[in-house]
Amino acid sequence: MLSSTSTLDSLAIGIDIGGTGTKFGIVDRLGNVLFSSEISTKKHTEIETFITDLQENLAPLIEKAGGIGRIKGIGVGAPNGNYYTGTVEYAPNLPWKGILPLAKLVQDEFKLPVVLTNDANAAALGEMMYGAAKGMKDFIMITLGTGVGSGIVANGKLIYGHDGFAGELGHTTIIPDGRHHPGTGKKGSLESYASATGVTTTALELLANNKRESVLRKISKEKIDSKKVYEAAIAGDALAQEIFEFTGKILGMALANFIMFSSPEAIILFGGLTKAGDLILSPTKKHMEENLIQVFQNKVKILVSHLNESDAAILGASALVWDM
């Protein structure tokens with residue numbers, strides 16, 4: 001049953017399920033995260049114990065927010081989450097395998113309406129309701145983290161496709177017969193190059209294939225990551241700067257393809273790699289424009305998300321609730 005509380009007073013629960021941890025919080029319509037917390041995902045080998053843990057940790061927050069009567073519903077963002085079926089299907093980085101009826105399990109536990117989508121789609125909705133895409137009807141959200149996620153909004157609607165899985169731009173092929181992606185087994189995907197993992201791989205390849213001086217050579221291979229590459233680039237290391245130039249080139253080429261597909265007003269970038277600022281944004285913009293045909297050039301903005309990174313996942317998931 002939905003709350004009889006007025007719409008203005010009602011609250012939403014946002015849950016973001018990641019491979020390592022699950023964040024959740026209670027959010028009002030203005031995007032204020034009133035209460036939030038986090039539990040471990042990976043410690044739960046069974047989905048049932050995870051749901052129990054979630055309920056035990058969310059219940060006190062619900063009470064603090066005024067009780068279950070104030071809650072309009074629950075929005076869940078999860079890897080491989082299917083909006084149409086409420087299932088999580090074959091998510092490679094979650095501890096539970098196969099097809100999971102996650103929305104139903106959460107609904108049965110909390111006795112509240114539940115809507116689920118994949119984590120990048122949830123981020124796009126959060127950006128449209130609370131962030132840099134507020135007021136936009138056509139934009140693409142790209143999340144640059146360990147992987148590359150995406151959500152496509154066209155004509156004011158999130159694109160789900162016929163089966164609920166549209167928008168996997170990170171897995172589109174950008175370099176034919178390129179790098180092998182261990183998670184999918186495919187070659188040359190955007191995620192293999194333009195993620196934090198991709199930056200690390202590029203660094204290791206460059207270090208192995210030439211003898212140029214670089215402070216990165218003083219770091220053991222096992223400890224090189226995108227953060228250390230960024231620190232070296234900021235300090236003026238030419239090889240590290242080249243890594244970001246290459247990453248931006250690949251990302252820019254891919255964004256040009258995406259723009260010619262849906263003609264968005266803006267591309268919104270979110271995630272850890274955006275902290276590199278102009279090191280990645282400048283080459284991305286340059287190569288995006290170079291790969292666009294004339295009718296699309298100098299029309300599409302590249303923006304960095306306005307959302308607080310620690311709250312973004314919760315806000316995105318909670319945004320699902322207001323369209324129930």
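The values are calculated or read from the model by the stated rules, or taken from the named source; none is laboratory data. All values derive from a computational prediction rather than experimental measurement. All Cβ positions, glycine included, derive from the backbone under ideal geometry; neighbour counts span all protein chains shown. All accessible areas refer to the heavy atoms of the entire protein, side chains included, with ligands and DNA or RNA removed. Shrake-Rupley method; radii C 1.70, N 1.55, O 1.52, S 1.80 Å.
Below are the figures for this structure:
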{"quantity": "Inverse of mean 1/r across different Cα pairs in the chain, Kirkwood, Å", "calculated": "20.5"}
{"quantity": "Cut-off under 5 Å, modelled amide H: who pairs with Leu34 long-range", "calculated": "Ile26, Val27, Asp28"}
{"quantity": "Sulfur and carbon atoms: percent of accessible area, region 140-210 [1.4 Å]", "calculated": "55"}
{"quantity": "Rounded Å value of the spacing that divides the Cα centres of region 110-126 and region 191-207", "calculated": "31"}
{"quantity": "Nonlocal amide H pairs with Gly18, under 5 Å, H built at 1.01 Å", "calculated": "Lys23"}
{"quantity": "Reachable lysines from Lys286, criterion Cα separation under 16 angstrom, eight or more residues apart if same chain", "calculated": "Lys249, Lys299, Lys301"}
{"quantity": "DSSP-defined antiparallel bridges as percent of all bridges, the chain, nearest 5", "calculated": "55"}
{"quantity": "Karplus (6.51, -1.76, 1.60) ³J(HN,Hα), θ = phi - 60°, over region 87-101, in Hz, Gly and Pro reported as x", "calculated": "10, 9, 10, 6, 6, x, 9, 9, x, 10, 9, x, 9, 10, x"}
{"quantity": "Within region 1-114: Cβ-based charge dipole about Cα centre, in debye rounded to nearest 20 (Lys, Arg +1; Asp, Glu -1)", "calculated": "180"}
{"quantity": "Count, lysine Cα pairs under 25 Å in region 18-79, 8 or more residues apart or across chains", "calculated": "5"}
{"quantity": "Cα gyration tensor category, rounded, prolate or oblate, for region 95-177 with a/c compared to 1.5", "calculated": "oblate"}
{"quantity": "Globularity ratio of region 181-264, using Cα Rg and 2.2 N^0.38 Å", "calculated": "1.19"}
{"quantity": "Projected-area average for region 66-106 over all orientations - Cα convex hull basis, square nanometres", "calculated": "3.6"}
{"quantity": "Overall Cα dimensions of region 238-324 - principal axes, largest extent first, Å", "calculated": "44, 34, 15"}
{"quantity": "Estimated vicinal HN-Hα couplings, Hz - region 221-234 in sequence order (Karplus 6.51, -1.76, 1.60; Gly, Pro = x)", "calculated": "3, 5, 9, 6, 9, 5, 5, 5, 5, 4, 4, 5, 5, 4"}
{"quantity": "Cut-off of 10 Å, at most 16 other beta carbons, DSSP loop: longest stretch of the chain lacking such chymotrypsin sites (Phe, Trp or Tyr not before Pro)", "calculated": "166-324"}
{"quantity": "Hull shadow area, averaged, region 47-143 [alpha-carbon convex hull, nm²]", "calculated": "7.3"}
{"quantity": "For region 165-310: span of alpha carbons on each principal axis (Å, largest first)", "calculated": "46, 34, 33"}
{"quantity": "Region 160-286: relative contact order in percent, alpha carbon pairs under 8 Å with at least 6 residues between", "calculated": "21"}
{"quantity": "Placed amide H near Thr146: partners under 5 Å, 5+ positions off or other chain", "calculated": "Ala196"}
{"quantity": "Phi-based couplings in Hz for region 185-196 (Karplus 6.51, -1.76, 1.60; Gly and Pro marked x)", "calculated": "x, 8, 10, x, 6, 3, 4, 5, 10, 9, 9, 4"}
